[in-house]
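The values are calculated or read from the model by the stated rules, or taken from the named source; none is laboratory data. Quantities reported herein were computed from a predicted structural model and do not represent experimental measurements. In this analysis, Cβ positions are derived from the backbone assuming ideal geometry, glycine residues included, and neighbour counts consider all displayed protein chains.
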Amino acid sequence: MRKKIVAGNWKMNTTLPTGLLLVSEILKNTDIPKDVILIIAPPFTHLSEVSKQLKNTSIKLAAQNCSQFDQGAYTGEVAASILKSVGTEYVILGHSERRAYFAETDLVINSKIKIALANGLKPIVCCGEVLEEREKNIHFDVVAKQLKGMFEGITPDQFKDIIIAYEPVWAIGTGKTASPAQAQEIHAFIRINIEKAYGTELAHSTPILYGGSCKPSNAKELFANADVDGGLIGGASLVAKDFIDIAKSF
């Protein structure tokens, strides 16, 4: 059985006080399904304090990014080792906004994956096409190329700690959502690519999350697909009730 996962990416939202309040509201929900792993990814500035809030709870902590470098004179960067030291367990890598706004390439993301794994973090690795690529019907080629580049040199033993998040970039923040059939089609394609690279066992044990405008109103239909193992949630993760309702949608 693959893990069911709902991860909340807060992006550049909340101050520290409002972020801590949001975590408190999430923790008030005692009826979170026991078989669903909840992960929250607040801004870097919140991680140390949120880690204290989550101690002795089942909710996991993620960072939204990490540096491709171990340590040193890289002003403004945050090392994987630093994230690990404040209680972070997961890290989101290769998000489409990092690609679009900060010119991150598959090669850079590959370096970050290796650094994260070496420091004991579990990467949530993003892939997905933009609208133009979807309209040109080259989205399968785009995703296959991203997967190949991002996981170059990653061994099967390392890959067992990987979570994949498929992001139809054209659906992020637009209110558009891939149909359940579209989501299942591309998730199944991703799993086939994993199988080709790493074998059947890893392909069937790797969680693949959907990350494009997932909300309480469509989560149940999306999660009903055989190859959709949960969601990487943006805006809806900033509302405690919505985030919990998504987790209840399996």
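Could you check, for segment 58-67, whether at least one of its residues is more than 19 Å from I208 (Cα to Cα), at pLDDT 95 or above and in contact with a Gly (Cβ under 6 Å, 6 or more places away or on another chain)?
no
How about segment 197-217: which of its residues are at negative phi and without any contact (Cβ under 8 Å) to a residue 60 or more places away in the chain?
If the condition is that a residue be at negative phi and without any contact (Cβ under 8 Å) to a residue 60 or more places away in the chain, then A197, Y198, T200, E201, L202, A203, I208, Y210, C214, K215, P216, S217 are the ones that fit.
Anything in segment 35-93 that is buried (at least 23 other Cβ atoms within 10 Å of the Cβ) and more than 21 Å from S237 (Cβ to Cβ)? List them, or say none.
Correct list: A80 only.
Would you say K136 is out of contact with any helix residue (DSSP H, G or I) (no Cβ under 7 Å at 6 or more places or on another chain) and either farther than 22 Å from A41 by Cα or at pLDDT 95 or above (or both)?
Spelling it out, K136 is indeed out of contact with any helix residue (DSSP H, G or I) (no Cβ under 7 Å at 6 or more places or on another chain) and either farther than 22 Å from A41 by Cα or at pLDDT 95 or above (or both).
Matching residues to (1) surrounded by fewer than 18 Cβ atoms within 10 Å (Cβ to Cβ); (2) more than 21 Å from I39 (Cα to Cα); (3) at pLDDT 95 or above; (4) not polar (S, T, N, Q):
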{"position": "W170", "(1), (2), (3), (4)": "no, yes, no, yes"}
{"position": "T177", "(1), (2), (3), (4)": "no, yes, no, no"}
{"position": "I190", "(1), (2), (3), (4)": "no, yes, yes, yes"}
{"position": "N193", "(1), (2), (3), (4)": "no, yes, yes, no"}
{"position": "L202", "(1), (2), (3), (4)": "yes, yes, yes, yes"}
{"position": "I208", "(1), (2), (3), (4)": "no, no, yes, yes"}
{"position": "G211", "(1), (2), (3), (4)": "no, no, no, yes"}
{"position": "G230", "(1), (2), (3), (4)": "no, no, yes, yes"}
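Which of (1) at pLDDT below 95; (2) surrounded by 17 or more Cβ atoms within 10 Å (Cβ to Cβ) is the odd one out, the single condition I186 does not satisfy?
Result: I186 passes all but (1).
Among the residues of segment 164-196, which ones are in a helix (DSSP H, G or I), touching a residue at least 60 places away in the same chain (Cβ under 8 Å) and out of contact with any strand residue (DSSP E or B) (no Cβ under 8 Å at 6 or more places or on another chain)?
Restricting attention to segment 164-196, the residues satisfying the condition of being in a helix (DSSP H, G or I) are 169-171, 180-196.
From what's left, touching a residue at least 60 places away in the same chain (Cβ under 8 Å): 169, 190.
If the condition is that a residue be in a helix (DSSP H, G or I), touching a residue at least 60 places away in the same chain (Cβ under 8 Å) and out of contact with any strand residue (DSSP E or B) (no Cβ under 8 Å at 6 or more places or on another chain), then V169 is the only one that fits.
In this structure, does D161 turn out to be assigned to a helix (DSSP H, G or I) and among the acidic types (D, E)? Spell out the reasoning first.
Numbers: assigned to a helix (DSSP H, G or I): no; among the acidic types (D, E): yes.
Judged against the criteria, D161 is not a match.
Going residue by residue through segment 81-89, is there one that turns out to be on the phi > 0 side of the Ramachandran plot and over 15 Å from the mean Cα position of the chain (by Cα)?
Yes: segment 81-89 contains one or more residues that are on the phi > 0 side of the Ramachandran plot and over 15 Å from the mean Cα position of the chain (by Cα).
Filter segment 46-69 for residues that are of a type in the set (V, I, T) and either over 19 Å from the mean Cα position of the chain (by Cα) or within 17 Å of A165 (Cα to Cα) (or both) and give the result.
T57
Answer yes if at least one residue in segment 220-229 is among the hydrophobic types (A, V, I, L, M, F, W, C), in contact with a Phe, Trp or Tyr (Cβ under 6 Å, 6 or more places away or on another chain) and more than 26 Å from E25 (Cβ to Cβ), and no otherwise.
yes
Taking the conditions exactly as written (in contact with a Gly (Cβ under 8 Å, 6 or more places away or on another chain), assigned to a helix (DSSP H, G or I) and under 24 Å from F223 (Cβ atoms)), does Q146 satisfy them or not?
Details: in contact with a Gly (Cβ under 8 Å, 6 or more places away or on another chain): yes; assigned to a helix (DSSP H, G or I): yes; under 24 Å from F223 (Cβ atoms): yes.
In short, yes.
Just the residues that are over 21 Å from K196 (Cβ atoms) and not hydrophobic (A, V, I, L, M, F, W, C), please, taken from segment 138-172.
Listed by number, the residues that qualify are E167, P168.
Do we have V6 as surrounded by 14 or more Cβ atoms within 10 Å (Cβ to Cβ) and more than 12 Å from the chain's Cα centre (by Cα) here?
Answer is no for this residue.
I'd like the full set of residues that are buried (at least 16 other Cβ atoms within 10 Å of the Cβ) and over 13 Å from I164 (Cα atoms), limited to segment 213-228. I'd like the intermediate steps shown before the answer.
Applying the first criterion (buried (at least 16 other Cβ atoms within 10 Å of the Cβ)) to segment 213-228 yields 213-216, 218-219, 222-223, 225, 227-228.
The answer is S213, C214, K215, P216, N218, A219, L222, F223, N225.
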